[in-house]
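The values are calculated or read from the model by the stated rules, or taken from the named source; none is laboratory data. These figures come from a predicted structure and were not determined experimentally. Positions of Cβ are generated from backbone atoms using ideal geometry, with glycine treated the same way; all protein chains shown enter the neighbour counts. SASA here: full protein model, heavy atoms, side chains in, ligands and nucleic acids out. Shrake-Rupley method; radii C 1.70, N 1.55, O 1.52, S 1.80 Å.
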Amino acid sequence: MAKVRHESAWYPLEPGETVLDGLLRQGVHVPHACRAGACQSCLMRATSGAVPEAAQVGLKDTLKARGYFLACACRPQAGTALEVAGASELRVPARIVDLESLSGDVVAVRLEVEAPFDYRAGQYVTVVREDGLARSYSLASLPREDRLELHVRLVPGGAMSGWFARDVRPGERVHVQGPAGDCFYVPGQPEAPLLLAGTGTGLAPLYGIVRDALEAGHTGPIHLFHGALEPRGLYLVDALRALAARHPNLHYRPLVLAGGDGDVEEGPLEARILASLPKRPVGWRAFLCGNPEAVLSLRKKLFLTGFSLKDIHADAFLPSTPRAGPVAGAA
Ligand SMILES: Cc1cc2nc3c(=O)[nH]c(=O)nc-3n(C[C@H](O)[C@H](O)[C@H](O)COP(=O)(O)OP(=O)(O)OC[C@H]3O[C@@H](n4cnc5c(N)ncnc54)[C@H](O)[C@@H]3O)c2cc1C
Ligand code: FES
């Protein structure tokens, strides 16, 4: 049996159980959301004992070296005694300063962080509420801007998005953890064609990336596809059209599954994207964000079309997952 020490108490883990599930089962609060290693809200630090390699996949080397790991991906081997601490030292206090409705169900949340916070446009952060509720959101802002900007879609029954949409007033305080993710523009190949594709609030990181690339002097074609079920699911349409008018290399294509008209194309996002690509997309780079199924499917198709995997940067917006049931095979 493995065991975990947290705040001076030891907690036994059932065979095959993750550190996250074991601690939650025994009443220890650990911030968490996706339970799939994608959102980093369950980051913890091993102060003594080794964590399996799988628990550090996707973390920056600096975090790995300091013993950070993802509690939802950490299944210590039998006999392991692991001492852990939370990730509060990675969080900075922040104040919500502004909320703006961008569409029927998307709100822009702007925050001022109260400590230095370095990030790249397109990365994501974890917002941690005072009661410990944690959810990850991509950054739509640019590092040179004073405020962090998030685009939050209201999920029916959603704990964090509902709070943002209904309850939060400017002045509310939260903590911000991160940044994380490799969905950002890297200068150096200004002529490379870029493909940016997102569904829903998957536009948030792309809005940062596209402006970052243009400000960095990117001259190659930038194809930005934003997909929604229907026209009211699109947002920032005028701002993006204005940006494209100022930058002829930016090709902005809003697309809906139903209800399109002369202004907005109608059709399946993935098929339109694939049809727009050359036969051999040599030197292209892709950024894919939003709905997990759409992101994973497009990533696979782009690879099959000839994209190199290292040139496809993807952030799938995995939802929170309720706590797992009893561990199979456990006594
Ligand atoms: C890397 C990353 C980046 C993200 N970036 C953004 C972003 O920029 N903007 C944004 O709006 N969201 C983003 N998300 C999703 C976000 O973290 C939350 O999952 C989302 O806001 C819902 O949280 P909630 O607390 O409101 O709902 P919860 O209380 O977590 O969920 C309520 C119920 O709805 C289900 N649910 C939640 N989301 C969905 C969904 N999309 N589809 C179907 N069922 C769902 C849950 O499983 C649960 O049963 C991102 C997620 C990840 C992992
Ligand atoms: S990465 Fe562990 S809960 Fe999301």
- [ ] Under a cut-off of 13 Å between alpha-carbon atoms, report the aspartates and glutamates in cross-link reach of LYS300, not counting same-chain residues fewer than 8 places apart.
- [x] GLU270, ASP311
Task: Degrees between helix 237-246 axis and first principal axis of the chain (Cα, 0 to 90, nearest 10) - done: 60
Open item on the list: With n ≥ 4 as the cut-off for DSSP H runs, can you work out [θ] at 222 nm for the chain, using -39500 (n - 2.57) per run divided by the number of residues, rounded to the nearest 500?
Closed with: -5000 deg cm²/dmol
- [ ] Place a +1 charge on the Cβ of each Lys and Arg in the chain and a -1 charge on the Cβ of each Asp and Glu, then give the dipole magnitude about the Cα centre in debye, rounded to the nearest 20.
- [x] 640
- [ ] Heavy atoms only, probe 1.4 angstrom, no DNA, RNA or ligands counted: give me HIS175, HIS226, HIS29 ranked by accessible area, highest first.
- [x] HIS29, HIS175, HIS226
- [ ] Quick one: pull the percent of accessible area on segment 194-316 belonging to carbon and sulfur, 1.4 Å probe, ligands and nucleic acids left out.
- [x] 57
Task: For PHE317, solvent-accessible area (1.4 Å; no DNA, RNA or ligand), Å² - done: 70
Open item on the list: Let's test the formula: R0 of 22 Å, r as the Cβ-Cβ distance of ASP98 and LEU154. What FRET efficiency results, to the nearest 0.05?
Closed with: 0.80
Task: Calculated from backbone phi, Karplus (6.51, -1.76, 1.60) coupling profile of segment 291-300 in Hz, x at Gly/Pro - done: 3, x, 5, 5, 5, 5, 5, 5, 4, 5
TODO: Place a +1 charge on the Cβ of each Lys and Arg in segment 116-232 and a -1 charge on the Cβ of each Asp and Glu, then give the dipole magnitude about the Cα centre in debye, rounded to the nearest 20.
DONE: 300
- [ ] Run the dipole for segment 194-316 about the Cα centre, Lys and Arg Cβ at +1, Asp and Glu Cβ at -1, nothing else charged, and hand back the magnitude in debye, nearest 20.
- [x] 500
- [ ] Give me the distance between the Cα centres of segment 14-48 and segment 65-113, rounded to whole Å.
- [x] 12
Task: Residue-level accessible surface for CYS39, protein heavy atoms, 1.4 Å, Å² - done: 10
Task: Added length on full extension, which subtracts the Cα-Cα distance from 0.36 nm per residue, VAL282 to LEU309 - done: 8.5 nm
Open item on the list: Under 5 Å between amide hydrogens, which residues at least 5 positions from ARG5 or on another chain qualify, with H placed 1.01 Å from N in the peptide plane?
Closed with: TYR11, LEU82, GLU83, VAL84
Task: For the chain, with +1 on Lys and Arg beta carbons and -1 on Asp and Glu, the positive-most of TRP163, VAL97, PRO179 along the dipole - done: PRO179
Task: Within straight-line cross-link reach of LYS301, lysines at Cα separation under 22 Å, skipping those fewer than 8 residues along the same chain - done: LYS279, LYS310
Task: Candidate aspartates and glutamates for bridging to LYS64, where Cα separation is under 12 Å - those fewer than 8 sequence places away on the same chain excluded - done: GLU53
Open item on the list: Using a 1.4 Å probe on the protein heavy atoms, what percent of the accessible area of segment 91-180 belongs to carbon and sulfur?
Closed with: 44
Task: 13 Å beta-carbon shell around LEU257, net charge (K/R +1, D/E -1) - done: -2
Task: Between segment 129-206 and segment 219-286, the alpha-carbon center distance in angstrom - done: 20
Open item on the list: Can you compute 3J(HN,Hα) from phi for each residue in segment 67-80, using the Karplus curve 6.51 cos²θ - 1.76 cosθ + 1.60 with θ = phi - 60°, rounded to whole Hz and x for Gly and Pro?
Closed with: x, 6, 8, 9, 5, 7, 10, 9, 10, x, 5, 3, x, 6
- [ ] Pop out the carbon and sulfur fraction of the accessible area of segment 3-86 as a percent, whole number, probe 1.4 Å.
- [x] 49
- [ ] Return, ordered by residue number, the residues of segment 88-119 whose backbone nitrogen is under 15 Å from a label point located 7 Å along Cα→Cβ of ARG232.
- [x] 102-107
Open item on the list: Please compute the contact order of the chain in relative form: average sequence separation of alpha-carbon pairs under 8 Å and at least six residues apart, divided by the residue count, as a percent.
Closed with: 15
- [ ] On the full set of protein chains, 1.4 Å probe, figure out the accessible area of TRP163 and give it in Å² to the nearest 10.
- [x] 30
TODO: At 1.4 Å probe size, with every protein chain present, just tell me what the per residue accessible area of the chain comes to in Å².
DONE: 47
Task: Long-range HN-HN contacts of ALA286 with modeled amide H, under 5 Å - done: LEU195, ILE312, HIS313
